[in-house]
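Read-outs: derived from the displayed coordinates by stated rules, not from any lab. Here the structure is a predicted model, which means the values were calculated and not measured. Using ideal geometry, Cβ is built from the backbone for each residue, glycine included, and neighbour counts are taken over all protein chains shown.
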Amino acid sequence: MFPELNTLLSVSTGTVERPQFALISGCKTDASFLVHHFLSYYLKANCKVCFVALAQSFSHYNIIAQKLGVNLVSARDQGQLVFLEGLKSYTRLLFSETPEAEAENPLRFLRTGSDLRTLYDFIRAALVPSAGEQWTCPVLIVDDVSLLLSLGVTSLQVLDFIHYCRATVCSEYQGNLVCLLQRDEESEDEDNELLMKSLCHQSSLILQVEGLTTGYCKDVHGELTITRKQQKQSVVYQYKIQDKMVSFFARGLSAAVL
């Protein structure tokens, strides 16, 4: 996790704010570094995490998590992390030869064209609280929900899915939901824009990551806008990504500028 970001969000591993729906939006730049932050943060905070990874492989997330002080293999083996590797599940779905194998796949809706109930059922079962469990709270992380649109799922189906996940994880289980939505500002994809506006309306915390309008800069990689619905205000920071950390600073206050 990135300690500076925890400071900006006024959180620590000892004080997990919940229930909360945090939306990460990336425009003209990759916002996945925030997904890695939340994954490592919640694991260090002793939360039970269900990670729906649609964008990358398990090994990709594990390599970055190790740099942030977390071992995903260990967390998975201990039952703290339930990891759905979307790329592998979809491959198995395409080449499955038995109805039994397809029936057990959480992504089988991609073949049948039905709603996302199977994925929701997988998440609900993964995070259902049990008597005497040691975890702080349940957490669902989805990376990246916009990929569902690329796979043929409609925006309304995705919104229904997120609605049920919020109702279960945030309301019923009193846990947290983190969702990444990558988008292209120049795109005319109406489904993507509808999804963005609707999820912004539903979320309690919005982290919007954008590239610099001036183009590439080696010392300033982009801007992060943090919006809390309750406070009804937004704060803008610029950031620089390094190997094991991310530095945040107010606009124009980068050491390279000063």
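What's the FRET efficiency of Cys217 with Asp121 using the Cβ-Cβ distance as r and R₀ = 51 Å, to the nearest 0.05?
Calculated transfer efficiency: 0.65.
For a quick check of your reading of the filter: which trypsin sites (Lys or Arg not before Pro) in the stretch 127-220 sit in a DSSP loop and have no more than 15 other Cβ atoms within 10 Å?
Of the trypsin sites (Lys or Arg not before Pro), the ones in loops of the stretch 127-220 whose Cβ has at most 15 other Cβ atoms within 10 Å are Lys218.
Within 10 Å, count the other beta carbons around each residue, average over each peptide in 58-66, 136-144, and list them highest first.
On the way: 58-66: 16.8, 136-144: 24.8.
Those peptides, ordered most packed to least, come out 136-144, 58-66.
Determine, at each q value in 0.15, 0.17, 0.22 (inverse angstroms), the log₁₀ of I(q)/I(0) that the Debye formula gives when each Cα of the stretch 5-61 is one equal point scatterer.
-0.50, -0.65, -1.06
222 nm [θ] for the chain, helices only, -39500 (n - 2.57) per DSSP H run of 4+, per residue, to 500?
After summing the helix terms and dividing by residue count, I get -10000 deg cm²/dmol.
Two decimals is fine: what is log10 I(q)/I(0) at q = 0.12, 0.14 Å⁻¹ for the chain, from a Debye sum with one equal scatterer on every Cα and no solvent?
-0.72, -0.99
Fully extended, how many nm does the chain gain between Glu133 and Gln230 (0.36 nm per residue separation, minus their Cα-Cα distance)?
Contour length minus Cα-Cα distance gives 31.8 nm.
Note down the relative contact order for the chain as a percent, whole number, built from C-alpha pairs under 8 angstrom at least six residues apart.
Across the chain, relative contact order equals 26 percent.
Report, to the nearest 10°, how far helix 155-165 tilts away from the longest principal axis of the Cα atoms in the chain, using its own Cα long axis and a range of 0 to 90°.
90 degrees
Whats the longest run of the chain with zero GluC sites (Glu not before Pro) that are DSSP loop and have at most 14 other Cβ atoms within 10 Å?
By the stated rule (loop sites, at most 14 other Cβ atoms within 10 Å), 18-96.
If one takes the longest principal axis of the Cα atoms in the chain, at what angle in degrees, from 0 to 90 and to the nearest 10, does the Cα axis of helix 58-67 lie?
40 degrees
State the number of lysine pairs found in the chain whose Cα atoms come within less than 19 Å, restricting to pairs 8 or more positions apart or on distinct chains.
Here the count comes out as 11.
Give me the percent of DSSP beta bridges within the chain that run antiparallel, rounded to the nearest 5.
In the chain, approximately 40 percent of DSSP beta bridges are antiparallel ones.
Give me the angle, in degrees from 0 to 90, between the Cα long axis of helix 32-44 and the longest principal axis of the Cα atoms of the chain, rounded to the nearest 10.
Between helix and principal axis, roughly 70 degrees.
Please report Rg (one decimal) and Dmax (integer) in Å for the Cα set of the stretch 84-215.
16.4, 54
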